[in-house]
Amino acid sequence: MSGSVCPEHFGAVTFELRKHNWKYRGEGNANIALSLPDERQLIRLPKFGSNDTLEEVEIWRRLSTNILFISVVMKQILGPMFVSPSSLIYLPHNEIEYLNQELDVVRPDSRKHKKLAFCGGEICDDHAFIPKVISEKFGNQSVCIELKLKQGIFPPAESQLKNCAFCCKQELKLRDGSCSERSKYCPLDMFSGHQERMIYALKSLFLTPQNNLRIFCDGNLVFGDGYSIEDLQLVLTQWMHCTAGSDLFERLSCLLVQALTKKVNNNCDITTNSPTSWFHDGAPRLDSRITEQYGSINEDFPLSNKKPCDFERETLPEGCILHHLAQAQSLDQYGVVAVYNMLMSDQHSVIASETKSASSNTDYVHGIMKKRCSSQLSPIELYLISATVRDCSLLICFQELKDQSFESLRLPTVEDEPSKTKYIFKITAVDLDPKPLSCIKSHMKRNAMIQDACIKAALAPS
Ligand SMILES: O=P(O)(O)O[C@@H]1[C@@H](OP(=O)(O)O)[C@H](OP(=O)(O)O)[C@H](O)[C@H](OP(=O)(O)O)[C@H]1OP(=O)(O)O
Ligand SMILES: Nc1ncnc2c1ncn2[C@@H]1O[C@H](COP(=O)(O)OP(=O)(O)OP(=O)(O)O)[C@@H](O)[C@H]1O
């Protein structure tokens with residue numbers, strides 16, 4: 001760690017973790033999340049690999065850019081009711097070593113190649129719970145389903161391929177050992193707008209959750225990668241009201257489809273005010289000259305034996321979270337090959353994407369904010385926004401509705417038909433950090449590795 005800075009300069013406030021009751025919640029590739037059960041808040045701390053450069057000031061800049069991007073750009077694109085702000089904190093220096101030691105026993109081995117090394121991060125609400133002002137009256141269980149839906153909308157050039165990006169990547173995951181079985185889930189089903197395909201997508205996630213589905217009861221993980229379908233059956237038996245002969249997986253899928261396709265109004269946003277400085281005006285028009293000039297993915301990509309994915313889809317109901325995600329994903333109209341070639345043809349962008357500096361890799365965010373209107377954004381900027389949305393997670397939190405109090409009516413409801421039980425629900429999109437400019441190159445490399453894994457799988461004796 002080098003370059004001493006004053007965290008207050010970035011708006012960070014001091015936070016003494018050891019004075020709080022905290023618990024490991026989980027982690028992805030970039031951050032570790034710790035819940036604070038007494039406050040129903042969560043802190044999210046960036047982690048680093050041994051080769052990462054740790055310029056303190058650079059990391060603070062990157063974190064404050066992340067917060068700006070989420071609270072201005074993402075909030076406008078996905079809707080204020082689905083995006084919640086966070087703020088910066090800094091921890092006493094000796095807490096990082098303490099945390100690394102304490103976390104060692106709960107962290108999965110596959111994630112331990114990165115660890116905490118920086119005394120700062122974010123604090124935000126814990127979205128595994130319905131906001132306290134509403135939920136505490138009911139005193140019953142909060143069940144939160146986390147879905148990482150991945151890419152369900154493709155630019156025209158990539159919609160002609162045999163398989164979607166998620167299904168192609170399964171071959172690579174099988175080869176590098178990050179999964180032992182091919183996922184049965186396909187994001188195209190989830191984004192199809194077709195009830196039966198959406199239910200099928202969710203049931204596929206129940207069978208092969210990988211890193212795309214987790215379930216928390218009152219903030220505790222009860223289902224996810226490494227759990228069996230019997231574990232899920234048990235969770236649902238305890239949570240949902242029994243009705244003779246009903247299929248609990250079908251009932252949970254129906255609740256989720258209702259929540260994902262329900263129009264949610266802004267007035268459900270009880271915690272924040274929406275900024276109005278940046279607005280989303282839909283997907284840009286496709287300019288075929290750009291595709292001709294910069295190219296697109298080879299239509300043979302990838303050489304796989306897999307059954308084709310179904311790119312057909314119906315319109316999603318306006319105002320629902322899936323519609324917002326689909327619109328945001330469709331901001332990328334040209335695909336990674338054209339965007340990569342554009343990046344390489346601009347010296348300034350090449351330099352920015354090659355720098356090791358964490359903050360210059362996300363400097364483009366300031367450019368986006370200056371433009372104030374999505375129709376003025378470049379294909380590279382649109383690609384990067386779309387990349388964030390393709391990788392974000394949804395936290396869908398349910399709590400059984402016990403009365404029709406004023407507070408509870410501020411949240412939408414879904415109904416479990418067989419038991420006639422109503423649940424209030426709240427959906428929050430998390431992990432909305434801007435992707436670094438360098439991810440465009442990483443995506444090209446990832447595609448080459450996928451192609452290679454598919455070729456090897458096709459040649460392997462069955
Ligand atoms: O490239 P993808 O689609 O495989 O997505 C990566 C994710 O892989 P997976 O969802 O398992 O396929 C990957 O997830 P895992 O580490 O595999 O859980 C990360 O989310 C990664 O984002 P970042 O580098 O941490 O910002 C993701 O990288 P980005 O594509 O978002 O840059
Ligand atoms: N505000 C929140 N409320 C509740 N849980 C959260 C919140 N933010 C993150 N989490 C939990 O912590 C986990 C890790 O956080 P996050 O997805 O942000 O990590 P990441 O490393 O940035 O992910 P990725 O691998 O996609 O880059 C999430 O999968 C989710 O379970």
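The values are calculated or read from the model by the stated rules, or taken from the named source; none is laboratory data. Computed from a predicted model, the values in this text were never measured in an experiment. Every residue, glycine among them, receives a Cβ derived from its backbone with ideal geometry; neighbour counts consider all protein chains shown.
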Inspect all residues belonging to the range 428-441 and state whether any of them is of a type in the set (Lys, Arg), within 16 Å of ligand 1 (Cβ to nearest atom), in a loop (DSSP other than H, G, I, E, B) and at pLDDT 95 or above. yes
Extreme residue, farthest from the chain's Cα centre (by Cα), among residues of the range 415-442 that are within 16 Å of ligand 2 (Cβ to nearest atom) and of a type in the set (Val, Ile, Thr): Ile427
For residues in the range 71-97 being β-branched (Val, Ile, Thr) and outside any helix (DSSP H, G or I), which is farthest from the chain's Cα centre (by Cα)? Ile89
Extreme residue, surrounded by the fewest Cβ atoms within 10 Å (Cβ to Cβ), among residues of the range 119-139 that are assigned to a loop (DSSP other than H, G, I, E, B) and hydrophobic (A, V, I, L, M, F, W, C): Phe138
Ser353 vs. criteria closer than 26 Å to Gly28 by Cβ and out of contact with any helix residue (DSSP H, G or I) (no Cβ under 7 Å at 6 or more places or on another chain): no
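Answer yes or no as to whether Ile153 is within 16 Å of ligand 1 (Cβ to nearest atom) and at pLDDT 95 or above. Quick ask: steps written out before the conclusion?
Values: within 16 Å of ligand 1 (Cβ to nearest atom): yes; at pLDDT 95 or above: yes.
When the stated conditions are applied, Ile153 passes them.
Within the range 373-403, can you find the residues that are in a loop (DSSP other than H, G, I, E, B) and away from ligand 2 (no atom under 11 Å from the Cβ)?
Within the range 373-403, Leu377, Ser378, Leu401, Lys402, Asp403 meet the criteria.
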Within the range 48-70, is even one residue assigned to a loop (DSSP other than H, G, I, E, B) and within 13 Å of ligand 2 (Cβ to nearest atom)? yes
Helices (runs of 4 or more DSSP H) contained entirely in the range 140-211, each with at least 3 residues that are within 16 Å of ligand 2 (Cβ to nearest atom) and on the phi < 0 side of the Ramachandran plot: 165-176
Considering only the range 98-115, state which residues are within 16 Å of ligand 1 (Cβ to nearest atom) and either within 30 Å of Lys263 (Cα to Cα) or not in a strand (DSSP E or B) (or both). Arg107, Pro108, Asp109, Ser110, Arg111, Lys112, His113, Lys114
Looking at (1) touching a His at 6+ places or on another chain (Cβ under 9 Å); (2) buried (at least 19 other Cβ atoms within 10 Å of the Cβ); (3) assigned to a loop (DSSP other than H, G, I, E, B), which one does Val336 not meet, given that it meets all the others? (3)
Among the residues listed as Val257, Val264, the single one being out of contact with any Cys (no Cβ under 6 Å at 6 or more places or on another chain), in a loop (DSSP other than H, G, I, E, B), aliphatic (A, V, I, L, M) and surrounded by fewer than 21 Cβ atoms within 10 Å (Cβ to Cβ): Val264
For the range 34-48, which positions are within 16 Å of ligand 1 (Cβ to nearest atom) and surrounded by 21 or more Cβ atoms within 10 Å (Cβ to Cβ)? Arg44, Leu45, Pro46, Lys47
Starting from the range 175-188, keep only residues that are crowded, with 17+ Cβ neighbours inside 10 Å, then list their pairs with residues that are among the aromatic types (Phe, Trp, Tyr) and not in a loop (DSSP other than H, G, I, E, B) whose Cβ atoms are within a distance under 8 Å, requiring at least 6 positions of separation or different chains. Ser183/Phe166; Tyr185/Phe166; Cys186/Phe166; Pro187/Phe166
